[in-house]
Each structure stands twice: as C-alpha cells, then as structure tokens.
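Contents: one structure, followed by commentary.
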Amino acid sequence: MSMSEEIKDSRITDALANRRSVIIVGRATIAAKLALFESLLADLPESARLGVIDESGALAEIPENATVIDAKLKGVDAIHRIIRDDKLDTIACPSMRRGDIVRMLMDVSGQENGQVLMINGNIDDATQTLTSDLPMILLKSSPSGHTEFSDAAIKAMNPVVIELSADDSIRTVTEVDLHAEGLNTIDVR
C-alpha cells in the first residue's frame, strides 16, 4: 500500500475530520513517517489555522498557509504564547525529542481543544507510545510524579496513533480506551 493510498484509510480521514490529534509511530523508515505526516498536513481542511514546529527541518515542504514557529532557544511559554496569540488550532510537530514541547502540545490538545500532529521517531509501537512514552514525558515534567495526572492528560488528548510496519505500510490505528481504568489501548475500527 503506497502512502497516497494509505491517507484514504477512513480511520485516518475520520480522525482528521473530527479534529483528533494524530501520532505516527512504528518500525517504518523516517522517510515513510514523514511522507505520511506531510499527507496529513495536505489533507487538513482549509479552515485549519496551522502552526508548524520543525526544529530539525525534517519537512520537505511546509504548507504556505502555515505559521512557522521557531522553537530554537525558546521556552514552552513563549511557544505557547505564539499559538494562543495567532489563534492556531492545529500544530504540526514532526518530532517528539523535546519533552517540554510534547507536554505543552498535549495540553493544547487536551485542555484547549487543539489538534496536534506528531511523529515518534523511535521504533516504538502504538501501545508503547501511549502507555509508556507519553506517560514518561509527563512524569518527567510533573513535580508531583503522579501517574493519575499522566493518564488523565493522555485520555484528554485522546490521540489516534498510526503504527507503520517495517515495510512502510499501516500496521494498526490505535487509540486509548477512554472507559478503562488506567491506560489501555484499542484498535480503531
């Protein structure tokens, strides 16, 4: 299945249409992850007020209607202020390297009804990203260290996680089970 066919996957188009946050993960090459990511950006509605945080210059092309947010040497408060001041409602960040930015973007998604698109560059699977990576990012940035906070924040974000296989095809589309105790994942049908 090529990337252009994969974006026609109704689970993904429904997630975008419903303004859900999307995280791309898996064993695929970074080039395949970026190709799918750029397809997601191209598939956003014209009404989306897009902001792009691309510190490493990973994206070959940034949509012309996007506000580029230069995050280098900026703290999350300054980045968040740009998002609020420019009334950006969709933030694309093709990296999860900076935990402070990921945590802030999770707040934008979960508490401010924003849409966030991210790539986990690790070879983690969808479940590992939802139940291990995101909680670890939140716990490292939480002074209290309570897992209830991270569980609630991830459930509030309610992302759709697209896991790509080593052959660059979609393996699973996963989300958090909002009705289960703790963090459990279910496949999106």
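The values are calculated or read from the model by the stated rules, or taken from the named source; none is laboratory data. Model, not experiment: these values are computed from the prediction. Here the Cβ is made from the backbone with ideal geometry for all residues, glycine too, and neighbour counts use every protein chain on show. Ligands, DNA and RNA are stripped out before the accessible areas are found, and what is left, the full protein with its side chains, is counted by its heavy atoms. Shrake-Rupley method; radii C 1.70, N 1.55, O 1.52, S 1.80 Å.
Below is a table of values for the structure above.
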| read-out | value |
| --- | --- |
| Some residue of the range 41-64 being outside any helix (DSSP H, G or I), among the aliphatic types (A, V, I, L, M), open to solvent by 50 Å² or more (accessible area, probe 1.4 Å) and touching a residue at least 40 places away in the same chain (Cβ under 8 Å) | no |
| Single unsatisfied condition, Arg19 versus (1) open to solvent by less than 10 Å² (accessible area, probe 1.4 Å); (2) within 13 Å of the chain's Cα centre (by Cα) | (1) |
| Checking Ala31 against (1) assigned to a helix (DSSP H, G or I); (2) open to solvent by less than 30 Å² (accessible area, probe 1.4 Å); (3) more than 24 Å from Asn158 (Cα to Cα), the condition it does not meet | (2) |
| Among residues of the range 10-40, those that are in contact (Cβ under 8 Å) with a residue 40 or more places away in the chain, among the charged types (D, E, K, R) and over 18 Å from Val176 (Cα atoms), counted | 2 |
| Residue satisfying all of: in the range 27-71; of a type in the set (Ser, Thr, Tyr) and under 20 Å from Thr13 (Cα atoms); modelled with the highest pLDDT among these | Ser39 |
| Wholly enclosed helices (runs of 4 or more DSSP H) of the range 71-189 bearing at least 2 residues within 13 Å of the chain's Cα centre (by Cα) and surrounded by 18 or more Cβ atoms within 10 Å (Cβ to Cβ) | 99-112, 147-157 |
